[in-house]
Amino acid sequence: MSGNLTSAIKEICKSCDNDRTRMMDIVRAVQQQFGQVSDEAMNYIAKCVNCHRVEVESIVSFYAFLSKKPKGKVVIRLCNDVVDKMSGSEVVAAAFEKELGIKFGQTTPDGKITLEYTPCIGMCDQAPAALINDEIITYLSTDKVKELVADIKKHYDPSKLNHRLGDGHNADDIVHSCVHNNIRNKGRVIFAEFKPEAGLKNALAMSPVEIINEVKNARLRGRGGAGFPTGMKWQFTRSAAGEKKYIICNADEGEPGTFKDRVLLTECADMLFEGMTIGGYAIGADEGILYLRGEYAYLRKLLEKVLAGRRSKNLLGKDILGKKGFNFDIRIQMGAGAYICGEETSLISSCEGLRGDPKNRPPFPAQKGYLGKPTSVNNVETLCCASRILEMGAAWFLEVGSAGSPSTKLLSVSGDCKQPGVYEIPFGVKISELLKMVGAEDAQAVLIGGPSGRIVGPADFKRTICYDDLATGGAVVVFGPERDMVAVAADYMEFFVEESCGYCTPCRAGNVLLKKCLDKILTGKGEPEDLDILQKLGESVKTTSRCGLGQTSPNPVLTTLMNFRKSYETKVKKTTNGMQPMFDIRKALAGAETIAKRDSAIFVK
Amino acid sequence: MSDQITFTIDGVEVKGKPGQTILEAADAAGVYIPRLCFMKDLIPHGSCRVCTVFINGRPQAACTQPIAEGAIVENDTPELKEHRRNIIDMLFVEGNHFCMFCEKSGNCELQAMAYRLGIPAPKYPYLFPKRDVDATHPDILIDRNRCILCGRCVEASRDVDKKTVFEFVGRGADKKVAVNADADLKDTDFKATDKAADVCPVGCIIKKRVGFAIPVGQRKYDTKPIGSEIENKR
């Protein structure tokens with residue numbers, strides 16, 4: 001074993017207290033330093049943290065940004081989300097292959113550059129986009145790829161890349177990113193001016209129970225998609241047995257088409273951390289964790305700076321703002337490329353240094369969460385709302401929105417529209433009104449809530465965005481009249497196939513079969529019965545899957561089958577010759593013909 | 001808290017103790033809920049989803065869901081049978097299962113479940129994945145073509161044998177059972193006497209040289225369907 005590797009790993013593990021629950025930090029650091037987590041490395045990590053080698057491999061093999069095989073010093077990950085494809089990422093992909101002289105999944109012969117695809121990186125409003133190590137490059141074109149590759153080849157250091165700077169904090173030296181916020185509509189709750197400390201001061205003058213009641217009175221529900229009442233979650237966590245409790249902010253937004261948390265993390269981090277601190281006080285936690293998706297690593301330094309600023313003002317730390325006995329601090333846990341970690345129990349698994357497998361429920365995180373302690377996991381936007389509720393009061397929060405869904409919601413709008421970006425709108429807005437606002441009045445279809453939500457057509461455009469009608473975590477993707485909705489459904493199924501953790505049968509195998517059936521239809525080999533198979537298989541996956549991923553993953557198929565049935569029906573036909581349409585006699589014979597060194601005499605070419 | 005909980009499964013009253021799962025209480029009462037990954041004395045894995053039942057209308061895995069007073073559980077319904085058939089079909093096509101020459105035939109829980117649910121052949125297209133065989137160990141063979149990722153070997157080795165010979169690696173359709181070595185089972189401390197050598201429901205982890213000690217036709221599920229040992233308690 002090379003001495004360099006062992007001493008580096010020893011150092012890394014030591015910096016994590018040789019604590020195996022910090023495995024994510026350990027393997028991320030090894031990957032960053034050596035471009036891989038090799039067999040040797042895994043053996044040595046296991047030795048340092050006193051676990052089994054196969055347990056390390058279990059984690060390394062789970063996350064997309066970790067690999068056992070060596071990767072280039074520079075890893076280019078082109079986003080292959082549906083919206084990126086609609087924005088021309090396929091041409092961009094071809095340009096990358098041409099400029100680098102390699103195919104996707106390969107590394108240049110000098111071992112310096114690796115080219116890969118990655119699912120949605122949260123840049124749909126500025127697609128096509130790519131992740132280059134931790135740097136993000138947006139609005140890609142073939143010309144831009146040419147310049148980019150030439151630039152990389154000069155230094156092989158993505159932090160030195162030449163690019164224009166985005167707006168807001170994106171232009172700060174510490175971020176130095178070309179990402180644009182694209183805030184299109186500012187509402188009164190999230191994007192109104194934030195008065196630091198106001199909410200926290202009010203909160204600390206109240207008892208934890210009073211805070212929970214205030215949040216309950218504001219009828220705040222989770223903004224990540226599931227819509228669970230936040231006050232109740234806090235109450236359950238507070239009243240659960242145990243001294244040690246945690247609050248975790250879920251900043252792992254990975255739903256294709258979602259990017260609102262990116263903007264909140266960039267521009268509203270202070271408000272977010274204030275919300276976490278208030279939550280920590282309310283539930284009785286002294287530790288908070290921000291779980292940041294690996295794709296947003298470019299924001300980490302900025303977030304650390306905001307945290308440091310809050311520590312220096314005694315908004316974090318000991319006896320916060322003079323409140324004796326209220327100690328609270330926040331650390332950042334990086335993810336490593338796994339959509340499933342947005343599911344709260346998977347996220348907890350990942351924080352514990354495990355595969356991002358969801359956990360069995362019960363027990364719920366509020367009873368037994370991170371390291372077995374009561375834990376409240378809340379979305380970024382939810383915590384920002386909590387901060388505002390404590391600043392302005394529940395009654396103020398209830399003033400806008402619809403009867404059942406008070407206040408505002410952030411929507412990430414992208415796809416075939418003139419003004420993609422983040423919109424803060426009051427709950428209860430009609431789809432048709434939203435389409436007018438974003439410049440997409442000719443839309444054929446709208447995806448509400450990302451692929452795990454629903455794809456609706458014009459018949460549903462009079463419906464409203466709120467918890468009682470079309471609920472959403474915020475992703476809105478618009479499809480113009482020329483898009484093939486069956487192909488869109490197939491693309492989204494490919495995403496779920498890639499991102500299923502593989503724990504339970506229906507999600508692991510069912511999504512693959514759904515995708516396969518859609519491909520069969522798209523290649524013109526579909527039969528009318530296939531539509532029935534899709535329907536029944538989709539329902540089985542939804543009903544029997546273990547977590548929210550599988551329980552919603554068939555939605556792209558099921559909702560397009562319902563709302564765009566004609567598109568399916570025109571693609572399938574009854575076979576007339578009695579042959580299985582998927583059976584290819586030439587392919588079936590190929591192996592035997594090669595061995596026999598002659599062609600079949602019966603099935604002549 | 002009362003020390004007895006009463007609920008119904010398909011209209012039949014069942015009594016259980018607090019902390020029991022639906023599946024445990026049903027087993028004790030002689031009501032069979034089909035299952036594959038569950039094994040007595042191991043922590044319920046909840047991964048195969050065959051034991052999915054409706055509890056007050058909501059789907060839940062019976063092996064992980066605790067019983068609750070007055071709960072209405074649906075188990076043997078046409079809808080759930082259809083879902084279970086679909087799951088079994090998925091398991092067959094996502095692996096490479098050739099019952100006719102598998103030495104586990106007749107003792108295989110997957111095969112037995114297919115027969116019980118009335119599946120003559122899976123309705124989905126075979127995926128024919130490439131899977132590894134590990135025959136390096138002197139006494140044990142691993143044929144991953146037949147693995148259904150139930151997790152029994154992982155748990156038995158970790159929790160009972162205290163060895164962690166097995167663990168899952170990869171994700172999604174690439175998920176598989178790996179061994180605690182750079183490559184092969186022979187490089188681990190696995191023994192044929194380990195609990196983990198006796199838990200595989202299918203023909204994935206099998207003992208060498210004993211495969212045909214009992215002839216086909218006289219095996220566990222050749223004479224009576226899977227689950228009958230539980231149903232006979234009633």
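Nearest 0.05, what FRET efficiency do B:Asp198 and A:Lys10 give at R0 = 41 Å with Cβ-Cβ as r?
0.55
Angle between the Cα long axis of helix A:300-312 and the longest principal axis of chain A, 0 to 90 degrees, nearest 10?
Taking Cα atoms only, the helix is inclined about 10 degrees.
For B:Asp10 paired with A:Asp329, estimate the spin-label separation in nm (one decimal), with each label point 7 Å from Cα along the Cα-to-Cβ line.
5.8
What do you get when you divide the Cα radius of gyration of the range A:42-195 by 2.2 N^0.38 Å, with N the number of residues?
1.23
Going by how many other Cβ atoms sit within 10 Å of their own, how do A:Ile332, B:Ile72 line up, fewest first?
B:Ile72, A:Ile332
If each of A:Leu522 and A:Glu441 carries a label point 7 Å out from its Cα toward its Cβ, how far apart are those two points in nm?
Computed distance between label sites A:Leu522 and A:Glu441 equals 3.2 nm.
Principal axes first, then extents: for the Cα atoms of the range A:468-599, list largest minus smallest coordinate on each axis, whole Å, largest first.
65, 36, 24
Between A:Arg311 and A:Ile585, what is the FRET efficiency for a Förster distance of 60 Å, r being their Cβ-Cβ separation, to the nearest 0.05?
My answer for the efficiency is 0.25.
Determine, for A:Glu40, A:Glu391, the number of other Cβ atoms within 10 Å of each Cβ, and report the residues in order from fewest to most.
With the sparsest Cβ surroundings first, the list reads A:Glu40, A:Glu391.
For the range A:360-508, taking Cα atoms only, what is the radius of gyration to one decimal and the Dmax to the nearest whole Å?
18.0, 51
From the Cα gyration tensor of the protein assembly as shown, with a ≥ b ≥ c the square roots of its eigenvalues, which class applies: rounded if a/c is under 1.5, or else prolate if a/b is larger than b/c, or else oblate?
It is rounded, given that a/c, with a ≥ b ≥ c, falls under 1.5.
To the nearest 0.05, what FRET efficiency results for A:Asp39 and A:Glu399 with a Förster distance of 60 Å applied to their C-beta separation?
After rounding, the FRET efficiency stands at 0.50.
With +1 on the Cβ of every Lys and Arg and -1 on the Cβ of every Asp and Glu, and nothing else charged, how large is the dipole of chain B about its Cα centre, in debye rounded to the nearest 20?
420
In peptide B:56-66, what is the residue-averaged number of other protein chain Cβ atoms found within 10 Å of each Cβ?
Per-residue shielding by partner chains comes out at 2.
Go through A:Ile136, A:Val37, A:Ala395 and say which Cα lies farthest out towards the positive end of the charge dipole of chain A; charges sit on Cβ, +1 for Lys and Arg, -1 for Asp and Glu.
About the Cα centre, the residue reaching furthest to the positive side is A:Val37.
Cut-off is 10 Å between beta-carbons; in what order do B:Ile88, A:Ile602 appear when sorted fewest neighbours first?
A:Ile602, B:Ile88
Pop a pseudo-label 7 angstrom from the Cα along the beta-carbon direction at both B:Asp182 and A:Ala205 and give the gap in nm to one decimal.
About 6.7 nm, to one decimal.
Might you report the magnitude of the Cβ-based charge dipole of the range A:244-381 about its Cα centre, with Lys and Arg at +1 and Asp and Glu at -1, to the nearest 20 debye?
540
Per-residue mean of other chain beta-carbon atoms within 10 angstrom of the beta-carbon, peptide B:90-97?
3
Could you size up the charge dipole of the protein assembly as shown around its Cα centre, putting +1 on the beta carbon of Lys and Arg and -1 on that of Asp and Glu, and report it in debye to the nearest 20?
820
Only the coordinates and a few stated rules stand behind these numbers; no lab work does. Bear in mind that the values here come from a model prediction, so they are computed numbers and not experimental data. As a convention, Cβ positions derive from the backbone with ideal geometry for all residues, glycine included, and neighbour counts pool all protein chains shown.
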